[in-house]
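One structure below.
The values are calculated or read from the model by the stated rules, or taken from the named source; none is laboratory data. Note that the coordinates shown come from a computational prediction; the quantities given were computed from them, not determined experimentally. No Cβ is skipped: glycine too gets one built from the backbone with ideal geometry, and neighbour counts run over all protein chains shown.
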Amino acid sequence: MGDDVYDIYAIRYGHHHRESSENFIGGDPHDIPQPLDYFVWAIVGAQGTFIVDTGFDEIMAQKRQRQVTTPIREGLKAIEIDPETVENVIVTHLHYDHAGNYELFPRARYHLQDVEMGFATGRCMCHALLRFPFEVDDVVAMVRKVFAGRVEFHDGAGQIAPGITVHRIGGHSKGLQCVRVKTKRGDVVIASDATHLYAHIETGRVFPVTYNVGDVLEGYTTIKKLAPTMRHIIPGHDPLVLTRYPAARPGLEGWVVRLDAEPKAGKSG
Ligand SMILES: [Zn+2]
Ligand SMILES: [Zn+2]
């Protein structure tokens, strides 16, 4: 196996019960319970450990009426990752559920799109509707990291390490990026919120929290080009990820799963 081939873990840390009508612009004709799970991802290989997103903590969960199922630190510990030693964190976008816990990785360099920082600190944040998914403390923490020389900006596509690239998608948040990772089963695309659920990209529907609907829909096309098959696309909030992929090891079922492993059959498979 080459130095540019990685293992990928999805680590669930949170949960939110909701109805399917809340997950799509225009509602959903089925109107069934359709909860969201919250994840961070770990990419592990010869080049090191790369964390994708930093989630939210218990205080934020209470403020936003979400549930922390297991703190991120414990999820990382379960697969022997010490946050103190992590050197690279990729932030897909600055929403509260992706950019909290901002002191968890004291040594890390953060990778972010230019456009996302401009969006989260500029005139769009004058509008309550657009700033709602952001937390000012998360954004300020990222500004402080810029001033500390700890942020590496990307503009469109960028390489983080051999076999790991980021790609700007936009749409849901103006500077949202996804991450493509080389694995033993081919390139896997961690879509993050470029598709919250499998259902969004499979049916061409759009999650209600959106900056630009057209860019979300174009993003589905981009992701499909980046991934060899639909089975290589990982949605940002779908509980099905935990049943389609095997546990990282016995005892971690429903919590930490391996995305570089072949998924069990589903509509996307
Ligand atoms: Zn988001
Ligand atoms: Zn999200």
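Here is how the numbers come out for the structure above:
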| read-out | value |
| --- | --- |
| Single unsatisfied condition, PHE56 versus (1) in contact with a Phe, Trp or Tyr (Cβ under 9 Å, 6 or more places away or on another chain); (2) modelled with pLDDT under 95 | (2) |
| Test: residue in region 58-71 that is buried (at least 20 other Cβ atoms within 10 Å of the Cβ) and either among the β-branched types (Val, Ile, Thr) or away from ligand 1 (no atom under 16 Å from the Cβ) (or both) | no |
| Residue satisfying all of: in region 176-197; away from ligand 1 (no atom under 16 Å from the Cβ) and under 14 Å from the mean Cα position of the chain (by Cα); farthest from ILE223 (Cα to Cα) among these | VAL181 |
| Selected residue [among the aliphatic types (A, V, I, L, M) and under 21 Å from ASP137 (Cα atoms)] from ILE59, ILE32, ILE81, ILE8 | ILE59 |
| The lone exception for PHE24 - which of (1) touching a strand residue (DSSP E or B) at 6+ places or on another chain (Cβ under 8 Å); (2) more than 25 Å from ARG249 (Cα to Cα); (3) within 16 Å of ligand 2 (Cβ to nearest atom) it fails | (1) |
| Residue within region 220-228 that is under 23 Å from GLN34 (Cα atoms) and either touching a residue at least 12 places away in the same chain (Cβ under 8 Å) or surrounded by 21 or more Cβ atoms within 10 Å (Cβ to Cβ) (or both) present | yes |
| Identity of the residue in region 164-188, within 16 Å of ligand 2 (Cβ to nearest atom) and of a type in the set (Val, Ile, Thr), that ends up surrounded by the most Cβ atoms within 10 Å (Cβ to Cβ) | ILE169 |
| Count - residues of region 27-55 that are more than 16 Å from ligand 2 (Cβ to nearest atom), part of a strand (DSSP E or B) and either of a type outside the set (Phe, Trp, Tyr) or surrounded by fewer than 17 Cβ atoms within 10 Å (Cβ to Cβ) (or both) | 7 |
| From the options ALA141, ALA161, ALA157, residue that is more than 16 Å from ligand 1 (Cβ to nearest atom), more than 14 Å from ILE90 (Cα to Cα) and either surrounded by fewer than 23 Cβ atoms within 10 Å (Cβ to Cβ) or free of Cβ contacts under 8 Å to residues at least 12 places away in the same chain (or both) | ALA141 |
| Test: residue in region 240-261 that is of a type in the set (Gly, Ala, Ser), surrounded by fewer than 17 Cβ atoms within 10 Å (Cβ to Cβ) and part of a loop (DSSP other than H, G, I, E, B) | yes |
| Residue among HIS93, HIS111 that alone is within 16 Å of ligand 2 (Cβ to nearest atom), not in a helix (DSSP H, G or I) and not acidic (Asp, Glu) | HIS93 |
| Single unsatisfied condition, TYR9 versus (1) in a strand (DSSP E or B); (2) within 14 Å of ligand 2 (Cβ to nearest atom); (3) not hydrophobic (A, V, I, L, M, F, W, C) | (2) |
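Residue-wise test of (1) under 25 Å from LEU36 (Cα atoms); (2) within 16 Å of ligand 2 (Cβ to nearest atom); (3) in a helix (DSSP H, G or I); (4) modelled with pLDDT of 95 or more.
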{"site": "HIS98", "(1), (2), (3), (4)": "yes, yes, yes, yes"}
{"site": "ASN101", "(1), (2), (3), (4)": "yes, yes, no, yes"}
{"site": "MET117", "(1), (2), (3), (4)": "no, no, yes, yes"}
{"site": "ALA120", "(1), (2), (3), (4)": "yes, yes, yes, yes"}
{"site": "LEU129", "(1), (2), (3), (4)": "yes, no, yes, yes"}
{"site": "PRO133", "(1), (2), (3), (4)": "yes, yes, no, yes"}
{"site": "ASP138", "(1), (2), (3), (4)": "yes, yes, yes, yes"}
